[in-house]
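The values are calculated or read from the model by the stated rules, or taken from the named source; none is laboratory data. Note that the structure is a prediction, hence the values are computed from the model and not measured. Virtual Cβ from ideal backbone geometry, glycine too; neighbours counted across all protein chains shown.
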Amino acid sequence: MVSLAFFALTYSFFSLLALLAWRGLDFFSRGRYVAVNLLFGLRVMPFVLSGAISLLLAFPSFLLLEGHVMDEDVGTFALSAGAALFLAAGLYQVMTAAARTRRVVTESLEGATGLTAGEATSTLLSPRSVLPLMLVGIRTPRVLISEVAHDVLSAEELRAAVRHEIEHLRSRDNLRKLILSCIPFPGMAGLERTWQEAAELAADHRAVSSREEALDLAAALIKLSRRFPTQAAPGFTTGLVSSPCSVAKRVERLLTWREVSVAAHKNWRYALPVAFAAIVGLAAKLGPVMILMHSLTERLVP
């Protein structure tokens, strides 16, 4: 119970910090592209940090250093109930979104026929797909193409559109949507929407390797946005023209496409030695850290 109360405090604190950081980032970027992994990391950081601290430090320190007597007051009960409410809300969101996704995907797969089977996923032609192109599934992903999209797009435009969905697959964006549904917090909708916009722009950029391919994808976006009304992709799926990011903005970026090195996106690997050193240092000083954490818990949790 004390660990749950400590989690509620730290999760709220880190979430407010993440919101402030996002506001500052949004202000200083002034509409420029922000790395999609940075936005996703900023969104999940509060839950990961507060969960790790509460489970790996607060819980064992209180268990080892505190007497096994129930002497907590009403504040502790209220905070632990708040943490349980966060977790229950996340579970509810995941279950409802999964049910909606399962229903839509089942309907879309009725009568679907295979087109190609690539290395990443299979591509199916669906007569009942609610979106022109849609990546469905997490463990067994598939790209569903509606018959209208198949007839409207040229072969080159269709290949560019499918590559866009394959890039969502490689980034595991459907899984990331599931993770975000697990960790609700008031006021995070704007940050999640910004992440979805950045994910679409990133998939657009990675899906093309030449100006001709960029023009093909831009043409596909224009044609499909005119033939299909814009609607949100159901649950844990991604759709080519169903994101919060406007088609006009994506087409504009594709028309001005230029090759950019992706080496900068791998800088996170340099953080691994630092993280390993921090873990070793924490393990070496585990006793004092436990005492410090117990003192901090006593001060923060009523």
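Regarding Thr76, is this residue among the β-branched types (Val, Ile, Thr), buried (at least 16 other Cβ atoms within 10 Å of the Cβ) and out of contact with any strand residue (DSSP E or B) (no Cβ under 8 Å at 6 or more places or on another chain)? Before the answer, list the steps.
Details: among the β-branched types (Val, Ile, Thr): yes; buried (at least 16 other Cβ atoms within 10 Å of the Cβ): yes; out of contact with any strand residue (DSSP E or B) (no Cβ under 8 Å at 6 or more places or on another chain): yes.
Judged against the criteria, Thr76 is a match.
Looking for something charged (D, E, K, R), within 25 Å of the chain's Cα centre (by Cα) and within 24 Å of Leu221 (Cα to Cα) - is there at least one such residue anywhere in the range 134-143?
To start, the set of residues in the range 134-143 that are charged (D, E, K, R) comprises 139, 142.
If we keep only those that are within 25 Å of the chain's Cα centre (by Cα) as well, we get 139, 142.
Now drop any that are not within 24 Å of Leu221 (Cα to Cα), which leaves 142.
Scanning the range 134-143 turns up at least one residue that is charged (D, E, K, R), within 25 Å of the chain's Cα centre (by Cα) and within 24 Å of Leu221 (Cα to Cα).
Does Val143 satisfy the condition of being among the β-branched types (Val, Ile, Thr), buried (at least 21 other Cβ atoms within 10 Å of the Cβ) and farther than 22 Å from Tyr92 by Cβ? Explain how you work it out, then say what you get.
Numbers: among the β-branched types (Val, Ile, Thr): yes; buried (at least 21 other Cβ atoms within 10 Å of the Cβ): yes; farther than 22 Å from Tyr92 by Cβ: yes.
So Val143 passes the test.
Given Leu56, Leu64, which one is surrounded by 12 or more Cβ atoms within 10 Å (Cβ to Cβ), out of contact with any Lys or Arg (no Cβ under 8 Å at 6 or more places or on another chain) and either modelled with pLDDT of 85 or more or assigned to a helix (DSSP H, G or I) (or both)? Explain how you work it out, then say what you get.
Details: Leu64 fails: surrounded by 12 or more Cβ atoms within 10 Å (Cβ to Cβ).
It is Leu56.
So which residues in the range 184-223 are under 30 Å from Leu87 (Cα atoms) and in a helix (DSSP H, G or I)? It would help to see each step written out before you state the result.
To start, the set of residues in the range 184-223 that are under 30 Å from Leu87 (Cα atoms) comprises 184-200.
Those that are under 30 Å from Leu87 (Cα atoms) and in a helix (DSSP H, G or I): Ala189, Gly190, Leu191, Glu192, Arg193, Thr194, Trp195, Gln196, Glu197, Ala198, Ala199, Glu200.
Please find, within the range 224-236, the residue that is modelled with the lowest pLDDT out of those that are assigned to a loop (DSSP other than H, G, I, E, B) and of a type in the set (A, V, I, L, M).
At the first step, the residues of the range 224-236 found to be assigned to a loop (DSSP other than H, G, I, E, B) are 228-236.
Filter once more, keeping what is of a type in the set (A, V, I, L, M): 232-233.
On the way: Ala232: 73, Ala233: 77.
For the range 224-236, the residue satisfying everything is Ala232.
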If you check every pair at least six apart or on different chains, which have Cβ atoms under 8 Å apart with a residue in the range 215-233 that is hydroxyl-bearing (Ser, Thr, Tyr) first and a residue that is part of a loop (DSSP other than H, G, I, E, B) second? Ser225/Val241; Thr230/Val241; Thr230/Ser242
